[in-house]
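Novice: Before I ask anything, here is the structure I am working with.
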Amino acid sequence: MSGHTKPTPLASPEPGGVSVGSLPQAKRHKRKFDAVITIEEPGARPNLRLRFAPDPGRAHLVLQFEDVDTDSLGIRVATLGDVERAVVFARAWTDRSLLVHCFHGVGRSAGVALAILADRLGPGNEAQALERLLAVRPEVTPNLVVVALADRLLKRSGSLVAAVAAWEAFAPGLAEARATRLHFARTRPELYARADDGIDR
């Protein structure tokens with residue numbers, strides 16, 4: 001997180017809008033949105049999940065991967081299939097309200113929301129996609145695995161990755177936040193789900 005002690009209030013649902021939030025925020029406000037993307041830890045306990053009762057339900061996509069910025073540690077991180085499912089799901093809701101959330105609303109959900117915004121704005125507008133993300137959730141540190149996969153999926157030739165890197169170079173505290181997150185993953189690997197053999201990355 002980049003210096004924020006409290007999470008930004010959840011952006012109000014609006015047609016075509018993409019809101020980003022935490023699990024507690026999503027639990028409180030999930031029924032205000034037309035569609036929801038949930039990103040949770042693999043094997044998350046029931047109290048750490050968000051689900052809808054089937055009647056009346058909502059359009060709801062659930063993805064499971066850890067918030068780690070590298071795929072080199074043997075930890076289950078996002079796959080190209082995960083990012084593709086999120087982008088395709090969001091394309092069905094371009095004129096409706098969409099909520100993307102993970103546990104904190106900072107890393108994984110930010111990466112997925114950035115992928116969706118970049119897809120909607122089209123090639124050449126990667127910096128604008130990041131600006132829109134920051135407008136609704138200023139404290140984000142988009143998951144770098146997700147960002148790289150989105151760049152690949154959307155055929156942006158490194159532009160999405162470069163936009164995030166250029167912003168982070170001048171954003172106070174982000175390098176430290178990422179270093180802390182990486183150190184924790186390296187020193188406490190038992191707290192993370194391991195990568196599955198045969199997953200297409």
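The values are calculated or read from the model by the stated rules, or taken from the named source; none is laboratory data. Worth saying up front: this structure is predicted, and the values here are computed from it rather than measured. In this analysis, Cβ positions are derived from the backbone assuming ideal geometry, glycine residues included, and neighbour counts consider all displayed protein chains. The area values use the complete protein model at the heavy-atom level, side chains included, leaving out ligands, DNA and RNA. Shrake-Rupley method; radii C 1.70, N 1.55, O 1.52, S 1.80 Å.
Novice: For residue 36, indicate whether it is in contact (Cβ under 8 Å) with a residue 24 or more places away in the chain and within 28 Å of residue 190 (Cβ to Cβ).
Specialist: no
Novice: A follow-up question, please. Can we say residue 91 is surrounded by 15 or more Cβ atoms within 10 Å (Cβ to Cβ) and closer than 17 Å to residue 154 by Cβ? Working first, answer last.
Specialist: Details: surrounded by 15 or more Cβ atoms within 10 Å (Cβ to Cβ): no; closer than 17 Å to residue 154 by Cβ: yes.
It is false that residue 91 is surrounded by 15 or more Cβ atoms within 10 Å (Cβ to Cβ) and closer than 17 Å to residue 154 by Cβ.
Novice: Same structure again: Just one of 67, 71 is closer than 27 Å to residue 173 by Cβ, touching a Cys at 6+ places or on another chain (Cβ under 9 Å) and assigned to a loop (DSSP other than H, G, I, E, B); which is it?
Specialist: 67
Novice: Then there's this: Please pick out the residue among 124, 111 that is open to solvent by less than 50 Å² (accessible area, probe 1.4 Å) and either touching a residue at least 12 places away in the same chain (Cβ under 8 Å) or of a type in the set (Asp, Glu) (or both). Full working, then the answer.
Specialist: On the way: 124 fails: open to solvent by less than 50 Å² (accessible area, probe 1.4 Å).
None of the other options fit; the residue is 111.
Novice: Being touching a residue at least 60 places away in the same chain (Cβ under 8 Å) and open to solvent by 40 Å² or more (accessible area, probe 1.4 Å) is true for just one of 132, 137. Which residue is that?
Specialist: Among 132, 137, only 132 is touching a residue at least 60 places away in the same chain (Cβ under 8 Å) and open to solvent by 40 Å² or more (accessible area, probe 1.4 Å).
Novice: Only one residue in 123, 142 is more than 14 Å from residue 18 (Cα to Cα) and under 13 Å from the mean Cα position of the chain (by Cα), so which one is that?
Specialist: Among 123, 142, only 142 is more than 14 Å from residue 18 (Cα to Cα) and under 13 Å from the mean Cα position of the chain (by Cα).
Novice: Next up: If the requirement is being within 27 Å of residue 47 (Cα to Cα) and either at pLDDT 95 or above or not in a helix (DSSP H, G or I) (or both), which of these qualifies: 145, 88? Break it down into steps so the answer makes sense when it comes.
Specialist: On the way: 88 fails: within 27 Å of residue 47 (Cα to Cα).
The conditions single out 145.
Residue-by-condition table, conditions (1) closer than 22 Å to residue 162 by Cβ; (2) of a type in the set (Ser, Thr, Tyr); (3) crowded, with 24+ Cβ neighbours inside 10 Å; (4) touching a residue at least 60 places away in the same chain (Cβ under 8 Å):
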| site | (1), (2), (3), (4) |
| --- | --- |
| 32 | no, no, no, yes |
| 54 | no, no, no, no |
| 63 | no, no, no, no |
| 68 | yes, no, yes, yes |
| 73 | no, no, no, yes |
| 77 | yes, no, yes, yes |
| 99 | no, no, yes, yes |
| 105 | no, no, yes, yes |
| 144 | yes, no, no, yes |
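Novice: Go through segment 61-75 and give me each residue that's within 15 Å of the chain's Cα centre (by Cα) and not β-branched (Val, Ile, Thr).
Specialist: 61, 63, 64, 65, 66, 67, 69
Novice: Any idea which of 169, 162 is over 16 Å from residue 108 (Cβ atoms), open to solvent by 60 Å² or more (accessible area, probe 1.4 Å), over 16 Å from the mean Cα position of the chain (by Cα) and not hydroxyl-bearing (Ser, Thr, Tyr)?
Specialist: Numbers: 162 fails: open to solvent by 60 Å² or more (accessible area, probe 1.4 Å).
On inspection, the qualifying residue turns out to be 169.
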